Amino acid sequence: MAAPEIPDIESALMPTLGGRYYTDPGIFVSEQEQIFESMWFCAARSSDLANPGAFKKVTVGRESVLIVRGRDGGLRAFLNICRHRGAMLCTEDSGQVRRNLQCPYHAWTYGLDGRLVAAPNMAALKDAAGRDIDRQEYGLVSVALREWLGYAWVCLADTPPSFGNEVIGAVTERLGDASVIDRYEIGSLEVGRRITYDVAANWKLIIENFMECYHCATIHPELTEVLPEFADGLAAQYFVGHGAAFGDGVDGFTVDGGAGFDALPGVTEAEDRKYYAITVRPQIFINLVPDHVIFHRMYPLSVDRTIVECDWLYSRDVTEFGRDVSHSVELFHRVNQQDFDACERTQPTMSSKAYRNGGVLVPSEHHIGEFHSWLLDKLTEGAR
Amino acid sequence: MAAPEIPDIESALMPTLGGRYYTDPGIFVSEQEQIFESMWFCAARSSDLANPGAFKKVTVGRESVLIVRGRDGGLRAFLNICRHRGAMLCTEDSGQVRRNLQCPYHAWTYGLDGRLVAAPNMAALKDAAGRDIDRQEYGLVSVALREWLGYAWVCLADTPPSFGNEVIGAVTERLGDASVIDRYEIGSLEVGRRITYDVAANWKLIIENFMECYHCATIHPELTEVLPEFADGLAAQYFVGHGAAFGDGVDGFTVDGGAGFDALPGVTEAEDRKYYAITVRPQIFINLVPDHVIFHRMYPLSVDRTIVECDWLYSRDVTEFGRDVSHSVELFHRVNQQDFDACERTQPTMSSKAYRNGGVLVPSEHHIGEFHSWLLDKLTEGAR
Amino acid sequence: MAAPEIPDIESALMPTLGGRYYTDPGIFVSEQEQIFESMWFCAARSSDLANPGAFKKVTVGRESVLIVRGRDGGLRAFLNICRHRGAMLCTEDSGQVRRNLQCPYHAWTYGLDGRLVAAPNMAALKDAAGRDIDRQEYGLVSVALREWLGYAWVCLADTPPSFGNEVIGAVTERLGDASVIDRYEIGSLEVGRRITYDVAANWKLIIENFMECYHCATIHPELTEVLPEFADGLAAQYFVGHGAAFGDGVDGFTVDGGAGFDALPGVTEAEDRKYYAITVRPQIFINLVPDHVIFHRMYPLSVDRTIVECDWLYSRDVTEFGRDVSHSVELFHRVNQQDFDACERTQPTMSSKAYRNGGVLVPSEHHIGEFHSWLLDKLTEGAR
């Protein structure tokens, strides 16, 4: 149960980003352009859109995106804006239509595949060349969509990056083996609980917090009880393939260490009694334990405000029979609250002259420096 | 009762303004400078200021303006600011003073004609040349004011444009005949009801909405019941002199088509059973029906917020005897709510990349393009 | 009891600052840099921090500053930010620790003298040169602190200006004699009442209001009853050493002129039955009357919002025996409300075109012009 040996890492303090990266609205706009509107963004749980005509409205970067279940059963994503005079098609967070998406302003009507199917006096409408207007060209603006792990990931870029490299690759790199994530069969799990947090902090503070465990001993008493090695401050994510082991007397990943549910069917001996944390940039955290999965999606709204939606996913056996998930939910819900409190305590001081050149990373936080380099690269790409 | 023949208009879709015209605070500032603070702005119903000493505080562009009934019975307008150290003279929306406007900070006192009439130790105050201070020069800053249709129109420009050309001309051009508006004797009507709407949308969206009827069939069931030709989407304002005819079974301009009141005395056969809509740029809508007039004033407060004050005006016969106006008020109140909902649904998406170059105008909306050209001209004047 | 003769002052109206000095956020930032973060800033009553480990969090310019009572009994000030990853050390407005200030995020721990005394795995932390980290270098960032009149004054400048010249000098210059202020023994008085005002006005409007008494006859009926010469509009602060005399039938500086308490022990015949007002730039007002002292501290938060904390200070005889201070508190509390109302009435019109070049100062306000010159000098220093 002891933590693995620390490799020969540099023990010197390393610098962080300067404070303006957390307070400058201009940098946040660059992040929206270069990151949230350019990369794959995990937008919705696919099962939230059960039947054809189900839709969900999601904010991705600065855009309102509609995710829609088509008549063919597939999910598609569109910008949530009518091509005529720009009204928002759907103002509700989610809902269900019968056959079409109709703009409530002038009744321009789009199929669930986005094509313009009707408009008042449509026959009389002509394009600049005098031809009938093209139903595709005047259809809804498409957004790239991929499903993985039971979630719909969308990308606003004209040419999306490789989903395999960027998303699946991030998980594989962390776990060291592409098959581990598959064994949890996350796509077939069900949402046992969802909690939404409104965090008054920059999204990067939330990522940095998740990436290190130097704070665990100080703010996470319940978590370190279950995962004793976290009390040593080692980041679970530092070591490829390493999962943090449950403590000796611990029976399950629950708020008091009491027994949870049966392990998920695919989970092997190696993963049993282990906790794995994975960061998928730019806005996803995946937490694997034997009997459930905790999945965080961040929606950065402004330089100092981020919505975090957290799903607790269980096997159908658990949810169908209405078994009590509150003991396992309570553990990570407390961790979330403790973490977000810390982030909210950090946001206001980012503007201090004492943080103009940032703070320092201790050795067990050094991998946050790699996140900072990645961020600076992304911002530089935009400036090129 | 059929709609008039559609003239030979271009059937191609036409472009609109790009989204930034509805979201950029800098453009809104230019509009305040070049439009609301430069043109005639309809500020208040004259009859709201009944007696000498009555005042009303109105926001015009970025200025607080006081409209005051003088001892000679005339209306005057002033900037609502003391010439001494700049305190706001009146902070209430309206009120009544006896003889003077006195600043509550240091008691500088102005006549209802704006002249400085008293100040503590005034005899000792000298101008830079050592002379007694000039009561006119240190009086309130005057704002041009004209009364027409029973409203006080003000202009913040140093050299106001011609009221006849800009305001009266706009009405005449629409109605095709200068005498039509006079026949409704709007100045002598009384306010039967006033409703104020706080609309989360740019003022131009409200104008564009009012200018076209392509949306009528979709969002105005009660209005199209009374005015069946509106269901065809033709803009009432497109055709010079054209009024929309009441439907065959319709007895009055009321929410259920039931009978209204007697036609106003001056209304002729030609105007009876007709609805006329007039846009007076930049912020007035006038709606004429045989037995009443609906008069909208917009007060743009920010790039995405506009106050609309709507008066329902009736003959003294109706208001004096306390006759029930709710059936006619209810019709256009619903139209207002339906329209402003549509505008509020459109505002948030103006920032989408899908609207960067705007949307499209269908043929029956083409005259909105003329409004856009006018706007661009106004903004260009400012940039010259 | 008559007011002193007016010296031969210029009687011409003088110009004020233009309106943008009260509305431009950029000018406010310059003021924070050149004034509030560069000059001595009166931050807290020393006695509010009674015992070792007591702390108070104060906003100075754009910084959160912690004032802490050390184990040696002395007060010290630090930026309220952890040197590790920038979390705010204390989020409560005030409190009490036992021995150390510990960051609640990762448990970096600082002595009450600011030195870093502990951190998880501290032994393993090295600086860039591979040495143990320096406890001073990684200690809290120190802020200069001086105590005077029972208050802690702090200065965020790297090289603070002379406290004697800037702070004590301002008081001496006004009173004409360095010993006068000492006779009130303000440091040994106790806080009988504290009232905090949240004022929707620029801090300079509050200073200008305090500096002149031209408004007294208009808005301060209770004050002019007690100090009749104020009804003549002469600024108490205009004449070096001059105190305003109590009216003939007035027994004390109370809301109804009734008797107050015994004069403070050091107060001489010359100061008895007198009121002295002193402005210590940039944010302090001191009001001396025979039996108590009223001490205002301003905390400018934004270009149009200022917190004012006002202490009523009495001798221990008064506070220890719980004597009723409400009659004397009520007088200046009303004055405060009357003044801040006037300032809030002035703020909104500062953006008017009528105030683009400012307003005018009457002769008895001319010394405000000196304040404006001082301000412009400060801002110019920053631009150099």
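Quick look at the values:
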{"quantity": "Matching residues in the stretch A:344-371 - criterion: being on the phi < 0 side of the Ramachandran plot, in a loop (DSSP other than H, G, I, E, B) and either more than 7 Å from every other protein chain (Cβ to nearest Cβ) or aliphatic (A, V, I, L, M) (or both)", "calculated": "A:R356, A:N357, A:V362"}
{"quantity": "Filtered residues of the stretch B:278-289 (kept if open to solvent by 10 Å² or more (accessible area, probe 1.4 Å) and in contact with a Gly (Cβ under 8 Å, 6 or more places away or on another chain))", "calculated": "none"}
{"quantity": "Selection count, the stretch C:181-205, where residues are within 13 Å of chain B (Cβ to nearest Cβ) and within 11 Å of C:R305 (Cβ to Cβ)", "calculated": "3"}
{"quantity": "Condition check for C:Y275: buried (at least 16 other Cβ atoms within 10 Å of the Cβ), assigned by the TED database to the domain that holds C:R345 and in contact with a His (Cβ under 7 Å, 6 or more places away or on another chain)", "calculated": "no"}
{"quantity": "Residues of the stretch B:124-156 satisfying the condition of being farther than 25 Å from B:S47 by Cα and more than 10 Å from chain C (Cβ to nearest Cβ)", "calculated": "B:D132, B:D134, B:R135, B:Q136, B:E137, B:G139"}
{"quantity": "Residues (of a type in the set (G, A, S) and either within 17 Å of B:P15 (Cβ to Cβ) or within 12 Å of chain A (Cβ to nearest Cβ) (or both)) located in the stretch B:372-384", "calculated": "B:S373"}
{"quantity": "Answer from A:I307, A:I294 - the residue that is in contact with a Phe, Trp or Tyr (Cβ under 7 Å, 6 or more places away or on another chain), closer than 22 Å to A:E330 by Cα and surrounded by fewer than 20 Cβ atoms within 10 Å (Cβ to Cβ)", "calculated": "A:I307"}
{"quantity": "Any pair with Cβ under 9 angstrom, 6 or more apart, that starts in the stretch C:196-225 at a residue that is modelled with pLDDT of 95 or more and crowded, with 17+ Cβ neighbours inside 10 Å and ends at one that is in a strand (DSSP E or B) and acidic (D, E)", "calculated": "C:Y197/C:E309"}
{"quantity": "Verdict on A:G73 being out of contact with any strand residue (DSSP E or B) (no Cβ under 8 Å at 6 or more places or on another chain), surrounded by fewer than 17 Cβ atoms within 10 Å (Cβ to Cβ) and either hydrophobic (A, V, I, L, M, F, W, C) or in a loop (DSSP other than H, G, I, E, B) (or both)", "calculated": "yes"}
{"quantity": "Meets criteria (of a type outside the set (D, E) and crowded, with 22+ Cβ neighbours inside 10 Å) for C:N100", "calculated": "no"}
{"quantity": "Sole exception among (1) under 29 Å from A:S46 (Cβ atoms); (2) open to solvent by 10 Å² or more (accessible area, probe 1.4 Å); (3) modelled with pLDDT of 95 or more for A:Y184, by number", "calculated": "(2)"}
{"quantity": "Any hit, the stretch A:244-264, residues being out of contact with any Leu (no Cβ under 9 Å at 6 or more places or on another chain) and either hydroxyl-bearing (S, T, Y) or within 13 Å of chain C (Cβ to nearest Cβ) (or both)", "calculated": "no"}
{"quantity": "Within the stretch B:78-113, tally of residues that are in a loop (DSSP other than H, G, I, E, B) and either in contact (Cβ under 8 Å) with a residue 60 or more places away in the chain or more than 11 Å from chain C (Cβ to nearest Cβ) (or both)", "calculated": "8"}
{"quantity": "Selection status of B:E37, under 17 Å from B:L205 (Cα atoms), of a type in the set (D, E) and modelled with pLDDT of 95 or more", "calculated": "no"}
{"quantity": "Which listed residue is more than 23 Å from the chain's Cα centre (by Cα) and assigned by the TED database to the domain that holds B:A270, from B:G86, B:G18, B:G70, B:G53", "calculated": "B:G18"}
{"quantity": "Only listed residue being within 14 Å of chain A (Cβ to nearest Cβ) and aliphatic (A, V, I, L, M), chosen from C:V60, C:V68", "calculated": "C:V60"}
{"quantity": "Total residues in the stretch C:59-115, condition aromatic (F, W, Y) and more than 23 Å from C:D158 (Cα to Cα)", "calculated": "2"}
{"quantity": "The stretch C:141-174: number of residues that are closer than 20 Å to C:I294 by Cβ, part of a strand (DSSP E or B) and either outside the structural domain of C:C82 (by the TED database) or open to solvent by less than 30 Å² (accessible area, probe 1.4 Å) (or both)", "calculated": "3"}
{"quantity": "Close pairs from the stretch C:319-337: first farther than 15 Å from C:F253 by Cβ, partner of a type in the set (D, E, K, R), Cβ under 6 Å, at least 6 apart", "calculated": "C:T319/C:E190"}
{"quantity": "First in the stretch B:114-140 and farther than 22 Å from B:R99 by Cα and open to solvent by 70 Å² or more (accessible area, probe 1.4 Å), second anywhere and part of a loop (DSSP other than H, G, I, E, B) and aromatic (F, W, Y), Cβ under 9 Å, 6 or more apart", "calculated": "none"}
{"quantity": "Subset tally (residues that are among the hydrophobic types (A, V, I, L, M, F, W, C) and open to solvent by 60 Å² or more (accessible area, probe 1.4 Å)) for the stretch B:326-381", "calculated": "1"}
{"quantity": "Residues that are charged (D, E, K, R) and open to solvent by 40 Å² or more (accessible area, probe 1.4 Å), drawn from the stretch A:20-43", "calculated": "A:R20, A:D24, A:E33"}
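The values are calculated or read from the model by the stated rules, or taken from the named source; none is laboratory data. Only a predicted model underlies this, so the values are computations on that prediction, with no experimental measurement involved. All Cβ positions, even for glycine, are placed from backbone atoms using ideal geometry, and neighbour counts span all protein chains on display. Surface accessibility is based on the protein's heavy atoms, side chains included, excluding ligands, DNA and RNA. Shrake-Rupley method; radii C 1.70, N 1.55, O 1.52, S 1.80 Å.
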